[in-house]
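> I'd like to ask you about the structure that follows.
The values are calculated or read from the model by the stated rules, or taken from the named source; none is laboratory data. For clarity, every value in this text was computed on a predicted model and none was experimentally measured. Here the Cβ positions follow ideal geometry from the backbone for every residue, glycine too, while neighbour counts run over all protein chains shown.
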Amino acid sequence: MSLKDRGYADNVLRVNLTNQRCTTERLDPDVMKLLLGGKGLGAYYLYKESIPHADPLSPENPFIFVVGPLTGTSAPTSGRFGVVTKSPATHTFLDSYCGGFFGQTMKFAGYDAIIVEGASSNPLTLVIDNEQVHLEDAKELWGTTTAEATKKLKAKHGEGFQTVVIGPAGERMSPISGLFNDERTAGRGGAGAVLGSKKLKGIAVRGTGSVQVHNPVEFDEAAWVAYRMLRMSNQIKRLNDDGTANILGLVNAAGALPTRNYQEGQFEHSAEMTGEAWRKEYWTRSIGCYGCPISCSKIAHAKTRDVAIDGPDFETIWAMGVNCGITDKEAIIYSNYLCDLYGVDTISVGNIVGFVMELVQKKMISAAELDGVKAEWGNGDALVALTEKIAKGEGIGELLQKGVREISKHYPGSEDFAMQVKGLEMPAYHPNAAKGIGLSYAVSERGACHLRGSPLTIRWRPKEKPSSFKRTNPILRSLTQRFCVTS
Ligand code: SF4
């Protein structure tokens, strides 16, 4: 049976930005027997083609877009794509994933992977219209926000095209920058910076093909059963009703909701931050990615600032809200909007602001050093002001955009509360109440990541004495030192 009959396009697009040549090649059927999905394919090409100790921002670091055999089929939630490269934040393996509508379009255009190698000296965009592929000048897009770049690319090539782009943060190679398919983000680990180093502003793709499976009748029956199970699941209903933030109350009750830069594990205002509270006050409608019956995404409208965004999701509500002691939802929505526009990761930005607020609390940094911003716990205006500086890389933002690990080097003694592992800022689960996730953060190849393994429930222990809460960062650091691969 050929790979084409098993969900693959059996085609890899190789784009060399140095000599601006685009070529295609077949997948290796023997290798494919050993790999699982798009992640396996990306890991295989990165391992095969990267040079040990290469700088992540050098032309030697390949950047690989991948989809899996289910992408573009009738299986539920099958529109996601991944990007695989060496991370400028961690200097280790990075895979980052994104929903939206780019993944299945890439597959319909006929590609399982797009390998971007080398680097250009001038800004370029990659345009893929099924088998027609070319690079074009992107001078007029360089410097534009993700929204502007997306709009211009779609206007130029037509609405049938899907896009991924980087924002100004990716162009200036910030290690917290991501890439964006409309407002969907592959945010973690600095993937945007790698594309910025290659001077590739983005990709526009149109695909009109389809995906073949071995037994379409049985496949569709199985997909139908999966859809039915999702529709009948109470957990999925909660995800649909209250978005990913439906778990915020539970995580808080367990004492695992990192509060004020991980100083505590419960937030006294958690009831104001649950999915239910957001639904009642701010969410106007639900949207879903390609082939998704869940629609966990919510559109939120910040009335006083007059912006509507896809978000914020649980991790963003935690990072920009709870982790900074903030309940100002308008400030969180607007900060999320700025992150999307300039192309930075909301989890990292929320961590950075929380870290700065603890520096202020400990009198290790002054308002003057922060360009006059009064970064005290709970101050929503300070969140917006610092997010804008980070997103634009201006003023103190020039340092802050480098991430918590780099910032802490400038403030001796702050390493103990710089909440990061291998250079990646930590997500929304406190290891003190969910011990297994501490190990997961420490040994994950991606650094502090909540998407590696699922140890959360294995050691899940409700916190009994909130006042006795202590951070586990020294433990994490010791584990990290043991397991960390730095280059
Ligand atoms: S809408 Fe939510 S659940 Fe559905 S594919 Fe997108 S991210 Fe996943």
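> If Ile287 satisfies all but one of (1) surrounded by fewer than 24 Cβ atoms within 10 Å (Cβ to Cβ); (2) in contact (Cβ under 8 Å) with a residue 60 or more places away in the chain; (3) within 16 Å of the ligand (Cβ to nearest atom), what's the number of the condition it fails?
(2) is the only condition that Ile287 fails.
> Mind checking which residues of region 293-309 are surrounded by 19 or more Cβ atoms within 10 Å (Cβ to Cβ) and either more than 16 Å from the ligand (Cβ to nearest atom) or not aliphatic (A, V, I, L, M) (or both)?
Within region 293-309, Cys296, Ser297, Lys298, Ala302 meet the criteria.
> Have a look at Val66, Val83 and point out the one that is of a type in the set (Val, Ile, Thr) and touching a Leu at 6+ places or on another chain (Cβ under 6 Å).
Details: Val83 fails: touching a Leu at 6+ places or on another chain (Cβ under 6 Å).
From the options Val66, Val83, the qualifying one is Val66.
> Hey, another quick one. Being free of Cβ contacts under 8 Å to residues at least 24 places away in the same chain and part of a helix (DSSP H, G or I) narrows it down to one of Glu136, Glu218, Glu159, Glu140, so name that one.
Criteria check complete, one pass: Glu218.
> Please indicate, with yes or no, whether at least one residue in region 78-90 is surrounded by fewer than 24 Cβ atoms within 10 Å (Cβ to Cβ), hydrophobic (A, V, I, L, M, F, W, C) and either touching a strand residue (DSSP E or B) at 6+ places or on another chain (Cβ under 9 Å) or modelled with pLDDT of 95 or more (or both).
Scanning region 78-90, I find no residue that is surrounded by fewer than 24 Cβ atoms within 10 Å (Cβ to Cβ), hydrophobic (A, V, I, L, M, F, W, C) and either touching a strand residue (DSSP E or B) at 6+ places or on another chain (Cβ under 9 Å) or modelled with pLDDT of 95 or more (or both), so the answer is no.
> May I ask you to list pairs of residues, at least six apart or on different chains, whose Cβ atoms are under 8 Å apart, with the first in region 102-119 being more than 18 Å from Leu200 (Cβ to Cβ) and the second being part of a helix (DSSP H, G or I)?
Partner pairs satisfying both residue conditions: Asp112/Gly38; Asp112/Leu41.
> If we scan region 139-149, do we find a residue that is crowded, with 24+ Cβ neighbours inside 10 Å and either of a type outside the set (Lys, Arg) or within 16 Å of the ligand (Cβ to nearest atom) (or both)?
The first filter runs over region 139-149 and keeps only residues crowded, with 24+ Cβ neighbours inside 10 Å, leaving 146, 149.
Among the residues that remain, those that are also either of a type outside the set (Lys, Arg) or within 16 Å of the ligand (Cβ to nearest atom) (or both) are: 146, 149.
Yes, that holds for at least one residue.
> The conditions are (1) more than 26 Å from Leu451 (Cβ to Cβ); (2) surrounded by fewer than 23 Cβ atoms within 10 Å (Cβ to Cβ); (3) aliphatic (A, V, I, L, M), and Ala277 fails exactly one of them. Which is it?
Going through the list (1) more than 26 Å from Leu451 (Cβ to Cβ); (2) surrounded by fewer than 23 Cβ atoms within 10 Å (Cβ to Cβ); (3) aliphatic (A, V, I, L, M), Ala277 breaks only (1).
> Which of the residues belonging to region 151-201 are modelled with pLDDT of 95 or more and among the acidic types (Asp, Glu)?
Correct list: Glu171 only.
> Taking interchain pairs and intrachain pairs at least six residues apart, which have beta carbon atoms under 6 angstrom, with the first residue in region 367-382 and more than 17 Å from Gly321 (Cα to Cα) and part of a loop (DSSP other than H, G, I, E, B) and the second modelled with pLDDT of 95 or more and not aromatic (Phe, Trp, Tyr)?
Here the result reads Ala367/Lys374; Leu370/Ile396; Asp371/Gly395; Asp371/Ile396; Val373/Ala382; Val373/Ala385; Val373/Leu386, each pair linking region 367-382 to a residue that is modelled with pLDDT of 95 or more and not aromatic (Phe, Trp, Tyr).
> Right, Val12: aliphatic (A, V, I, L, M), more than 21 Å from Phe108 (Cβ to Cβ) and in the same structural domain as Val116 (by TED's automatic domain parsing) or not?
In short, no.
> Separate question: Could you tell me whether any residue of region 223-239 is under 30 Å from Thr105 (Cα atoms), in a loop (DSSP other than H, G, I, E, B), over 20 Å from the mean Cα position of the chain (by Cα) and without any contact (Cβ under 8 Å) to a residue 24 or more places away in the chain?
Checked region 223-239: at least one residue is under 30 Å from Thr105 (Cα atoms), in a loop (DSSP other than H, G, I, E, B), over 20 Å from the mean Cα position of the chain (by Cα) and without any contact (Cβ under 8 Å) to a residue 24 or more places away in the chain.
> Could you go through region 170-180 and let me know if any residue there is on the phi < 0 side of the Ramachandran plot, within 16 Å of the ligand (Cβ to nearest atom), under 14 Å from the mean Cα position of the chain (by Cα) and surrounded by fewer than 24 Cβ atoms within 10 Å (Cβ to Cβ).
Looking for residues that are on the phi < 0 side of the Ramachandran plot, within 16 Å of the ligand (Cβ to nearest atom), under 14 Å from the mean Cα position of the chain (by Cα) and surrounded by fewer than 24 Cβ atoms within 10 Å (Cβ to Cβ), one finds none in region 170-180, hence no.
> Return the only residue of Leu476, Leu424 being closer than 25 Å to Val353 by Cα, of a type outside the set (D, E, K, R) and either touching a Cys at 6+ places or on another chain (Cβ under 9 Å) or modelled with pLDDT of 80 or more (or both).
The conditions single out Leu424.
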